[in-house]
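J.: Below are the structure tokens for one structure; questions will follow.
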Amino acid sequence: MRSRRREGASRSITAGAFVLLALGLSLPACGKRGDPLPPLSRVPQNLADLRLAQRGPLLELSFVAPRTSTAGVRLGVLEVELLRAEGAGDFGKLAHETFRKMAPGESFVETSPLPPVGTVVRVAARVKSEGETSAQSTVLALTVQATPTAPTAFTAQLEPQSVVLSWVPPPTPPPTPPPSPSPGASPSPGASPSPGASATASAHPSPSPTPQGGFWIYRREPESVYRRPLMPVPVASPPFHDTTIAPGERWCYVVRTVASTEPIVESASSGEACVENKDVFPPAPPTGVAALVHDDAVEVSWSPSLEADLASYRVYRARAGGAPARLAEVAAPETSYRDAAAPRGTALTYTVTAVDRDGNESRPSAAVEAQRP
């Protein structure tokens, strides 16, 4: 009887513990929830790398479409609104609009003929996506200049450690003398400019380019186009050494005369020069060449070459006064050859050359003489 009561009490305690555990697990769910977070902004970022440049006889507009909104949300198809105005005046009133459908992250480059020299060209942009519009970008301005003269006689020469680029710079134009003031145009001592004239002149100042003489080198792979110069600052004069080309690569180059870097004003491209960085430089000739006469052969030996791309050695033999003839090609790292066919009783001369993996052969080693009795 007591045993049954103990079993019943034990079951009651277990059931009570289970209920308490269930209540404990459910308590957090009954707590107060926090305020809901606001939705992430879907307003697109503005264009990246918006540029206006004068390249030779063309005006170039380039930019990269944004990938995300200002809150980092990925964007879908975009509509880019481009605003362009030529001449002085209120940009908002003068600018005409064009629209481009673009994918996120897509690059855009557009060229058009240059307006007349002295024309001020201004551009800005906005990006639209899913009913949201970005803020307008900064208005870029460029004053069209006379097209700089392109360099001539451009060449690219492959050397062991670099590509050497050379060109002939265009002649330097003579400095423009300042205009002589007209006596009739001199203001009277008491005269002062009218407030209206001053306000009109300063309301839309013509942007001044940053003068920068020198040259920009451009490089491309055979199947691509020229994008950015190799260096951020133009080089002052030729030659230029490109030390970044790797073995097996093929590159094409052009050079342009730079008149301004901000905004970019440069000449058309020079003629193109292409090089392939294949090994065309022979290894050093072998040293320590010796000839040891045996009864059955002449053994020619030499010191091992230290060239990293060494492939083989070539052994040459010549009779007195004759031209050397190749006897054999010995694969590295072997450094000897037995000439069992050497004629007896004849003065012979031996030389050895080194050959790399690209087939470049060194100059002959110092000659050694031998004669089988």
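The values are calculated or read from the model by the stated rules, or taken from the named source; none is laboratory data. Quick caveat: nothing in here was measured; it's all calculated off a predicted structure. Neighbour counts run over all protein chains shown; Cβ positions are idealised from the backbone, glycine included. These accessible areas exclude ligands, DNA and RNA; they are computed on the full protein's heavy atoms, side chains included. Shrake-Rupley method; radii C 1.70, N 1.55, O 1.52, S 1.80 Å.
J.: Less than 10 Å Cβ to Cβ from GLY248, Lys/Arg counted +1 and Asp/Glu -1: what total charge do the surrounding residues give?
T.: Net of charged neighbours comes to -1.
J.: Given a Förster distance of 25 angstrom, what is the FRET efficiency for GLU79 paired with LEU37, based on the Cβ-Cβ distance and rounded to 0.05?
T.: 0.30
J.: Now for a separate question. Using Cα positions and a limit of under 14 Å, work out the aspartates and glutamates in reach of LYS93, with same-chain residues fewer than 8 apart set aside.
T.: Once the sequence-local aspartates and glutamates are set aside, nothing remains near LYS93.
J.: Run the 1.4 Å probe and let me know the accessible area of LEU292, rounded to the nearest 10 Å².
T.: Looks like 100 Å² after rounding.
J.: Oh, and also: Suppose R0 equals 35 Å; then what is the FRET efficiency for ARG228 and ARG357 from their Cβ-Cβ distance, rounded to the nearest 0.05?
T.: 0.55
J.: Treating cross-link reach as a plain straight distance, find the aspartates and glutamates whose alpha-carbon is under 17 Å from the alpha-carbon of LYS128, omitting any fewer than eight places away in the same chain.
T.: Result set, ordered by chain and number: GLU79, GLU81, GLU97, GLU106.
J.: Another question about this same structure. Loop only by DSSP, 11 or fewer other Cβ within 10 Å of the Cβ. Give me the trypsin sites (Lys or Arg not before Pro) in the range 33-118 that pass, ordered by residue number.
T.: ARG33
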